[in-house]
1. So residue 332 passes all but one of these: (1) closer than 21 Å to residue 201 by Cβ; (2) crowded, with 16+ Cβ neighbours inside 10 Å. Which condition number does it fail?
2. Would you confirm, using the coordinates I've provided, whether residue 219 is in a strand (DSSP E or B), buried (at least 24 other Cβ atoms within 10 Å of the Cβ) and of a type in the set (Val, Ile, Thr)?
3. Within region 160-180, take every residue that is of a type in the set (D, E, K, R) and buried (at least 22 other Cβ atoms within 10 Å of the Cβ) and give me the one that is farthest from residue 92 (Cα to Cα).
4. Going through region 1-29 one residue at a time, which ones are more than 17 Å from residue 254 (Cβ to Cβ) and of a type in the set (D, E, K, R)?
5. Would you kindly identify the helices (runs of 4 or more DSSP H) lying entirely within region 238-323 that contain at least 2 residues that are over 23 Å from residue 357 (Cβ atoms) and in contact with a strand residue (DSSP E or B) (Cβ under 8 Å, 6 or more places away or on another chain)?
6. Those residues that are under 30 Å from residue 258 (Cβ atoms), under 28 Å from the mean Cα position of the chain (by Cα) and small (Gly, Ala, Ser), I need them from region 352-394; list them, please.
7. For the subset of region 280-320 comprising residues that are under 22 Å from residue 346 (Cβ atoms) and of a type in the set (Val, Ile, Thr), which member is surrounded by the fewest Cβ atoms within 10 Å (Cβ to Cβ)?
8. Can you find even one residue in region 270-278 that is in the same structural domain as residue 74 (by TED's automatic domain parsing), buried (at least 22 other Cβ atoms within 10 Å of the Cβ) and among the hydrophobic types (A, V, I, L, M, F, W, C)?
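The values are calculated or read from the model by the stated rules, or taken from the named source; none is laboratory data. Just so it is clear, the model here is predicted, and its values are computed rather than measured. Reconstructed Cβ throughout: ideal geometry from the backbone, glycine too, with neighbour counts over all protein chains shown.
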Amino acid sequence: MKNDTKVTTLGRDPDSNFGIVNPPVYHASTILFPTLDALEDVQKTKFKNQMRYGRYGTPTTFALQDAIAELEGGYASFAVGSGAAAIVATLMAFTKKGDHVLCVDTVYAPTRRYLDVVLRRYGVDTTFFDPAIGAGIASLIQPNTTLCMVESPGSLTFEMIDAPAIAAACRAKGVATAFDNTWATPLYFRPFEHGFDVSIMAGTKYIGGHSDIMMGLVTVRDETVYKQVRPTVDDLGSSTGPDDQYLAMRGLRTLGVRMPRHYETGLRLANWLKAQPEVDRVLHPALPGDPGHAIWKRDYTGASGLFSYVLKPLPRAALAAMVDGMAHFGMGFSWGGFESLMVPSDVKSLRTAVPWTEPGKIVRVHAGLEDPTDLIADLEAGFSRLRKHAGSKG
C-alpha cells in the first residue's frame, strides 16, 4: 500500500467491532481472567498486544501502535505519555551506569537536559557531536558506547546529518542507534531504511495534528530491539490514556493530506522571508542553497512546516512589536497542529560541540493550514511594525 492508503486504513477492524469504522475507545485498568490457567499464562508470557492490565494497553492502544509500526516499517511501536517520555524510554533502555552515549549537538533541548542532568547523575556520560560529522563519528565511539541518539534536521537550527553514514559506523561497532523523526514523520523519512534501530516521534505534533493531545511513539526495527526496549517502557509506567490514543488515530487518518500542505506553505513562507532585508538567513533544508539541502534531497521525500529564520541584530522592542501583533501566528512551545506559530528562540545555551555565534535572534516558524496569502499578509504587517520600531526604512 502507498502511504496515503496506509494512514487511512491501518489499525481498523470493522468486522471485529460490529461494522464500526473506527476502533472503539476502551477505558480500562482491571482486566479479568476467567480461569486460574489464564491468569497464570498472562503472568508467564509477555507477547505483543496481550491484555494484562490497562497500563500495558487495550485494543485501542494496540490499534494505534500496530498502525504506527506498519507505517514506520518497524516490528512494533509503543505509545507513551509524551515525546519527552519516548526519548527517556529509549535512553533508559540502552544505558546503565558506566555507559557512554553519543548525541548530536543540535538535539531537542529536553533530550540534552536528560542526558546532561539525569543520566549523568546515574553514571552515564555523553559526548555531543557536530551534526556534520558523518562517518567520522566512528572516532568518537568508546568501548562503553551503547547508544547514538540523533535528530535531523536539528532542533531550532535545522542542520541535516548524514544519517546512513552515522548508522553504518555505529552498527559496525555494535552501537545501537535512535532517530527522532518528529519533523519528517514516516511519510517523508524512514529511519529503518537508513540503518537505525529505533524511531521516535512526538505524537503530540503531526500525528495528532490538532494541538490537543500529549503522546510519544517509540518504534523498534526488529524483535531483538523490541525485547530490549519493552521492559523499560513497561517499567517506566508512562502509558497514554485511551482518549488520546483515539485522537492520535483520528489524526493519523488525515496525515497524508495535511503534510503536503504544511510542506508547501512552509516553503512559500521561507522564500518570502529570504527576500526581507532584516532577515540574515533562513534555516530550511528543503531550500536550494541551504547547507543541508543535498542530504535532504537525497534522503527525504518531503518536508514539514517547521523551520527558522535568523534576524539581523535589532532592538528587542522591534522584535516584540512584530510578534506581539501577529494575527495568525501564535506564540507557543509546540508545533505540528493546524495553527501557525512563530517563536523567538535562544540557541547559544543549547550548543557545546559547535557553538552558535549568530548575533541576531532566531525565530522558529510553524506553517499551519491557514491560507498562505493570509499568512504572508500577516508577516508583511509584522515586518512593517518591526521596521517602524527599529527605525529602518526597509
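1. The failed condition is (2).
2. Working: in a strand (DSSP E or B): yes; buried (at least 24 other Cβ atoms within 10 Å of the Cβ): yes; of a type in the set (Val, Ile, Thr): yes.
It is true that residue 219 is in a strand (DSSP E or B), buried (at least 24 other Cβ atoms within 10 Å of the Cβ) and of a type in the set (Val, Ile, Thr).
3. Kept after step one, since they are of a type in the set (D, E, K, R), are these residues of region 160-180: 162, 171, 173, 180.
Retained after the next criterion (residues that are buried (at least 22 other Cβ atoms within 10 Å of the Cβ)): 162, 180.
Details: 162: 25, 180: 15 Å.
Filtering first and then ranking leaves 162.
4. Here is the first cut: in region 1-29, the ones more than 17 Å from residue 254 (Cβ to Cβ) are 13-20, 24-29.
Once the filter is applied, which keeps residues that are more than 17 Å from residue 254 (Cβ to Cβ) and of a type in the set (D, E, K, R), region 1-29 yields 13, 15.
5. 242-253, 255-274
6. 367, 368
7. Result: 310.
8. Just the residues of region 270-278 that are in the same structural domain as residue 74 (by TED's automatic domain parsing), to begin with: none.
Checked against the condition, which is being in the same structural domain as residue 74 (by TED's automatic domain parsing), buried (at least 22 other Cβ atoms within 10 Å of the Cβ) and among the hydrophobic types (A, V, I, L, M, F, W, C), region 270-278 yields no hits at all.
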